[in-house]
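Read through the structure below, which is laid out as structure tokens, and then see the notes.
The values are calculated or read from the model by the stated rules, or taken from the named source; none is laboratory data. This is a predicted model, so every value here is computed, not measured. All Cβ positions, glycine included, derive from the backbone under ideal geometry; neighbour counts span all protein chains shown.
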Amino acid sequence: MSASDLSNSWCQVDHTHDPDLKSWVASANETGTDFPIQNLPLGMYRPMGSLIAFRPGVAIGDLVFDLIRAAEENVLSTDVAAIVRACEGEGLNPLMAAGASLRQALRHELVSALRADGEPGLAKRLAGALHPMDEVEMSLPCRINGYTDFYTGIHHATAVGKLFRPDNPLLPNYKWVPIGYHGRTSSIGVSGQSVRRPLGQTKAPDAETPTFGPSSRLDYELEVGALVSQGNELGEPFGIEDAERHLFGIVLLNDWSARDVQAWEYQPLGPFLAKNFASTISPWVVTSEALAPFRQAFKRQRSDPAPLPYLDGQANRQLGAIGIKLEVHLQTAAMRERGDQAVKLMQSNFADSYWTVAQMLTHHVSNGCNLQPGDLLGSGTQSGPDAGQGGSLLELTQGGKHAISLPNGEQRSFLQDGDSVSIVGFCEAAGRRRIGFGACVGTVLPSPVKPHKGD
Ligand code: MN
């Protein structure tokens with residue numbers, strides 16, 4: 001395979017995507033697994049209860065395959081093994097910085113090592129490199145230096161806009177600019193995160209003055225997160241035709257939001273303390289290469305303006321969208337106590353996003369801003385076009401006015417303490433093996449004790 005072929009690995013479907021490909025890891029061949037051999041998402045793990053440095057691993061069936069052990073067993077090439085070793089204790093950043101060719105080489109070498117019809121004796125040799133997934137602890141997949149949250153879900157933007165401006169829900173810039181704001185990285189956590197209900201300043205519409213206390217309108221936002229591979233130099237933007245090469249992979253993202261704090265603080269500079277108290281991502285990064293079979297044409301309504309030339313390109317038009325089915329599940333404390341399953345609140349599809357990942361990346365660097373390996377770009381809330389497809393409680397309850405009823409009789413306008421929110425995502429296409437993202441779970445804890453009042 002030539003170097004130029006490798007640079008287009010994001011849209012190449014090859015033998016690693018063959019739906020008939022099987023692994024000697026039996027659980028990877030089960031129908032409905034998120035992690036068949038066609039997926040091979042990357043993350044950072046260590047055995048539960050140990051204090052060793054987190055190590056790079058790949059999810060296969062219900063097991064984690066240790067990449068450093070893989071290097072020791074000589075199933076990785078020299079270059080790939082060196083980069084994998086550099087990730088130990090550091091996160092996936094060295095692999096991100098190494099770019100698409102090396103990432104694709106790793107994928108091919110992993111398929112050779114894990115396929116059922118591969119080299120005889122490999123299963124026995126590599127058995128010690130596997131850990132049951134429920135016996136490992138995951139960390140954030142990488143060091144995230146920058147976090148930007150976009151607003152690409154047009155159905156979300158329209159539904160939320162309607163709550164404030166019924167006649168004119170979308171602001172005039174929406175269809176021209178991929179809107180975003182800079183978020184905070186210090187409070188990004190991995191699935192399993194507990195989120196303290198934030199304290200904040202709020203003002204009821206009929207109150208004369210604001211008050212300070214626990215948020216009473218705590219919400220989630222269903223998003224996907226794009227993690228950056230190679231970055232760009234400050235002052236040297238890349239064009240949209242090169243943008244996909246800067247995508248490492250995709251995770252699920254819950255952008256927790258305090259709606260009452262947000263409503264009072266957001267004008268004129270945008271979200272601040274309503275958003276930066278916690279953001280949760282899923283631990284397994286589904287690589288750009290694994291997503292290749294689920295690429296779709298980027299569609300716009302005929303009545304919508306064409307993107308400006310710097311946000312338009314042939315590859316983006318043909319394959320810029322990614323079909324990812326997304327769902328939000330809720331389990332309250334009462335449900336958990338009784339052993340009730342989480343209830344599905346909604347579903348949507350990332351292919352309905354108004355802007356593609358390539359457009360987000362391109363717009364972000366268009367002014368010369370430099371992206372770095374491991375930077376996280378949130379998609380904004382991904383709501384579907386229909387009623388009941390809101391990607392946040394704000395939408396599902398129409399601003400808290402119409403509480404939703406849960407099967408056990410409980411009602412929710414916004415999140416209560418003890419509520420556990422789980423985002424799941426998966427890709428399906430005709431003639432393709434289904435792949436999934438695992439889960440992005442977070443649980444609401446009560447507010448911290450109020451700080452003592454000033455004199
Ligand atoms: Mn958001």
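Would you confirm whether any residue within the stretch 196-205 is modelled with pLDDT under 95 and either among the aliphatic types (A, V, I, L, M) or more than 16 Å from the ligand (Cβ to nearest atom) (or both)? Give the derivation first.
The first filter runs over the stretch 196-205 and keeps only residues modelled with pLDDT under 95, leaving 204-205.
Okay, now just the ones that are also either among the aliphatic types (A, V, I, L, M) or more than 16 Å from the ligand (Cβ to nearest atom) (or both), so 204-205.
Within the stretch 196-205, one or more residues are modelled with pLDDT under 95 and either among the aliphatic types (A, V, I, L, M) or more than 16 Å from the ligand (Cβ to nearest atom) (or both).
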Query raised in the report: Here is a list of conditions, (1) within 16 Å of the ligand (Cβ to nearest atom); (2) modelled with pLDDT under 95; (3) touching a helix residue (DSSP H, G or I) at 6+ places or on another chain (Cβ under 8 Å), and G161 meets all of them except one; can you say which number that is?
Result: (3)
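Based on what the data block shows, is A439 in a loop (DSSP other than H, G, I, E, B), out of contact with any His (no Cβ under 6 Å at 6 or more places or on another chain) and on the phi < 0 side of the Ramachandran plot?
Working: in a loop (DSSP other than H, G, I, E, B): no; out of contact with any His (no Cβ under 6 Å at 6 or more places or on another chain): yes; on the phi < 0 side of the Ramachandran plot: yes.
Criteria not met by A439.
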Requested in this report: Pick out the one residue from Q347, Q359, Q318, Q372 that is in contact with a Gly (Cβ under 6 Å, 6 or more places away or on another chain), among the polar types (S, T, N, Q) and in contact (Cβ under 8 Å) with a residue 12 or more places away in the chain.
Outcome: Q372
Report summary line: Of the residues in the stretch 170-202, those that are part of a strand (DSSP E or B) and free of Cβ contacts under 8 Å to residues at least 60 places away in the same chain number 1
Query raised in the report: Out of the stretch 137-158, which residues are over 17 Å from the mean Cα position of the chain (by Cα) and more than 16 Å from the ligand (Cβ to nearest atom)?
Result: E137
Query raised in the report: Any idea which residue in the stretch 208-263 is farthest from Q193 (Cα to Cα), counting only those that are in a helix (DSSP H, G or I) and touching a strand residue (DSSP E or B) at 6+ places or on another chain (Cβ under 8 Å)?
Result: H246
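Here is a check on your reading of the model: is R103 under 26 Å from the mean Cα position of the chain (by Cα), closer than 22 Å to Q12 by Cβ and modelled with pLDDT of 95 or more?
Details: under 26 Å from the mean Cα position of the chain (by Cα): yes; closer than 22 Å to Q12 by Cβ: yes; modelled with pLDDT of 95 or more: yes.
Considered against the rule, which asks whether it is under 26 Å from the mean Cα position of the chain (by Cα), closer than 22 Å to Q12 by Cβ and modelled with pLDDT of 95 or more, R103 comes out as yes.
So which of D167, D134 is out of contact with any strand residue (DSSP E or B) (no Cβ under 8 Å at 6 or more places or on another chain), farther than 23 Å from G225 by Cα and not in a loop (DSSP other than H, G, I, E, B)?
Working: D167 fails: not in a loop (DSSP other than H, G, I, E, B).
Among D167, D134, only D134 is out of contact with any strand residue (DSSP E or B) (no Cβ under 8 Å at 6 or more places or on another chain), farther than 23 Å from G225 by Cα and not in a loop (DSSP other than H, G, I, E, B).
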